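Note sheet for the following structure.
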Amino acid sequence: VQLQASGGGLVQTGGSLRLSCAASGIVVGVRTMGWYRQAPGKQRELVATIARGVTIYPQSVRGRFAISTDNAKNTVYLQMNNVKPEDTAVYHCNTAVLGRDYWGQGTLVTVSS
C-alpha cells in the first residue's frame, strides 16, 4: 500500500486549497480513508474520514472541509475552504489494512493571516 499526498502550499486566510492523495495497492472506494493533520507542537488530529460515501468531520472543520474520492483515479481529496491560520499543519492521508495503518508522506499547508 502506498499513499502519495500532494497539493499543499501557502494560502491566505479565507482562501481555498485542495489536497490529493493518490493510492496504490488498495481501492479507495471500498476503504475507510482519512485525512489527519499535525501542527508544530501539537498532537495529530483527524480532520475527515470517508467510507463508502459516508463522511465524518470534527467540529473544527465541519462546513469548511470536504473529503471525497475519485474511484477512477483511485484518489482521495480534501477540499479546504475558508481556511484559517489554525489550519496550518502537515496533512497526511491514511488508511488501515488488516489492522495496520498506512500513511502518506504529508503535505504542508500554511495559512497566512
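Here are a few things to note about the model shown:
- Some residue of segment 87-109 being touching a residue at least 12 places away in the same chain (Cβ under 8 Å), more than 14 Å from the chain's Cα centre (by Cα), more than 18 Å from GLY15 (Cβ to Cβ) and loosely packed, with under 13 Cβ neighbours inside 10 Å: yes
- Subset of segment 64-86 [acidic (Asp, Glu) and either in a strand (DSSP E or B) or more than 24 Å from LEU10 (Cβ to Cβ) (or both)]: ASP70
- THR75 being touching a helix residue (DSSP H, G or I) at 6+ places or on another chain (Cβ under 8 Å) and hydroxyl-bearing (Ser, Thr, Tyr): yes
- Among the residues of segment 14-44, those that are under 19 Å from LEU108 (Cβ atoms), open to solvent by 40 Å² or more (accessible area, probe 1.4 Å) and part of a strand (DSSP E or B) comprise ARG18, ALA22, TYR36, GLN38.
- Here VAL61, VAL11 are screened, and the one residue that is open to solvent by less than 50 Å² (accessible area, probe 1.4 Å), more than 16 Å from ALA96 (Cα to Cα), assigned to a loop (DSSP other than H, G, I, E, B) and of a type in the set (Val, Ile, Thr) is VAL61.
- VAL47 surrounded by 15 or more Cβ atoms within 10 Å (Cβ to Cβ), in a loop (DSSP other than H, G, I, E, B) and touching a strand residue (DSSP E or B) at 6+ places or on another chain (Cβ under 6 Å): no
- Of all the residues in segment 90-113, those that are farther than 21 Å from THR32 by Cβ, assigned to a strand (DSSP E or B) and not β-branched (Val, Ile, Thr) number 2.
The values are calculated or read from the model by the stated rules, or taken from the named source; none is laboratory data. This one's a predicted model, so the numbers in the text were calculated from it and none came from an experiment. Cβ sites come from the backbone with ideal geometry, for glycine too, and all protein chains shown count toward neighbours. Note: accessible area is taken over every heavy atom of the protein model, side chains too, but ligands, DNA and RNA are not part of it. Shrake-Rupley method; radii C 1.70, N 1.55, O 1.52, S 1.80 Å.
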